[in-house]
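Q: Can you keep this structure in mind? I'll have questions shortly.
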Amino acid sequence: MPQFLCHTTAVSENKALRIDLDNRPPVAVFNIGGTFHVTDDTCTHEEASLSTGEFEDGIVECPLHAGCFDVATGEAVEPPAETPLRTYPVTIINGEIYVEFGD
Ligand code: FES
């Protein structure tokens, strides 16, 4: 069942927002020019919050060791990040962002 994360207005264009959840690790909502993507917030390399990293052209740079991920696909595009980031299907309903975790 889709889970509500936040309103679209909470995430400015080309910015990210961390959402802490009761039932699972935090996720990050990214806004690429008005298109929203949701990934795990924690880097797959070590413990770092990706939503606090630099975010440009759909690529987030981890604030700890500068590994990079494509937030649309989760692909690790710059070492030391190697393991892809989990991404989640997004649904927008009346300006509200929902995700389907599927687990
Ligand atoms: Fe993210 Fe090391 S913790 S690249």
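Q: In segment 65-88, how many are of a type in the set (S, T, N, Q) and within 14 Å of the ligand (Cβ to nearest atom)?
A: Of the residues in that region, 1 qualify.
Q: Does Phe101 satisfy being part of a loop (DSSP other than H, G, I, E, B), of a type outside the set (A, V, I, L, M) and surrounded by 14 or more Cβ atoms within 10 Å (Cβ to Cβ)? Give the derivation first.
A: Details: part of a loop (DSSP other than H, G, I, E, B): yes; of a type outside the set (A, V, I, L, M): yes; surrounded by 14 or more Cβ atoms within 10 Å (Cβ to Cβ): yes.
So Phe101 passes the test.
Q: Residues in segment 57-64: is at least one outside any strand (DSSP E or B), at positive phi, more than 12 Å from the chain's Cα centre (by Cα) and within 13 Å of the ligand (Cβ to nearest atom)?
A: No - not one qualifying residue is present in segment 57-64.
Q: For segment 23-56, which positions are among the charged types (D, E, K, R), within 14 Å of the ligand (Cβ to nearest atom) and in a loop (DSSP other than H, G, I, E, B)?
A: First, pick out the residues of segment 23-56 that are among the charged types (D, E, K, R): 24, 40-41, 46-47, 54, 56.
From what is left, the residues that are within 14 Å of the ligand (Cβ to nearest atom) are 40-41, 46-47, 54.
Asp41, Glu46, Glu47 - these are the residues of segment 23-56 that are among the charged types (D, E, K, R), within 14 Å of the ligand (Cβ to nearest atom) and in a loop (DSSP other than H, G, I, E, B).
Q: Which of (1) surrounded by fewer than 14 Cβ atoms within 10 Å (Cβ to Cβ); (2) modelled with pLDDT of 95 or more; (3) in contact with a strand residue (DSSP E or B) (Cβ under 9 Å, 6 or more places away or on another chain) does Glu47 not meet, given it meets every other one?
A: (3)
Q: Here's something else I'd like to know. Just name the residue that is nearest to the ligand (Cβ to nearest atom) out of those in segment 1-22 that are part of a strand (DSSP E or B) and of a type in the set (A, V, I, L, M, F, W, C).
A: Ala16
Q: Could you please tell me which pairs satisfy a Cβ distance under 9 Å, a separation of 6+ or placement on different chains, a first residue in segment 66-85 that is of a type in the set (Ser, Thr, Tyr), and a second residue that is within 14 Å of the ligand (Cβ to nearest atom)?
A: Partner pairs satisfying both residue conditions: Thr73/Pro84; Thr73/Leu85; Thr83/Thr44; Thr83/His45; Thr83/Ala76.
Q: Residues being within 18 Å of Thr83 (Cβ to Cβ), free of Cβ contacts under 8 Å to residues at least 40 places away in the same chain and touching a helix residue (DSSP H, G or I) at 6+ places or on another chain (Cβ under 6 Å): count how many of those fall in segment 1-42.
A: The qualifying residues number 1.
The values are calculated or read from the model by the stated rules, or taken from the named source; none is laboratory data. Given the structure is predicted, the values throughout are model-derived calculations rather than measurements. Positions of Cβ are backbone-derived with ideal geometry, glycine not excepted, and every protein chain shown enters the neighbour counts.
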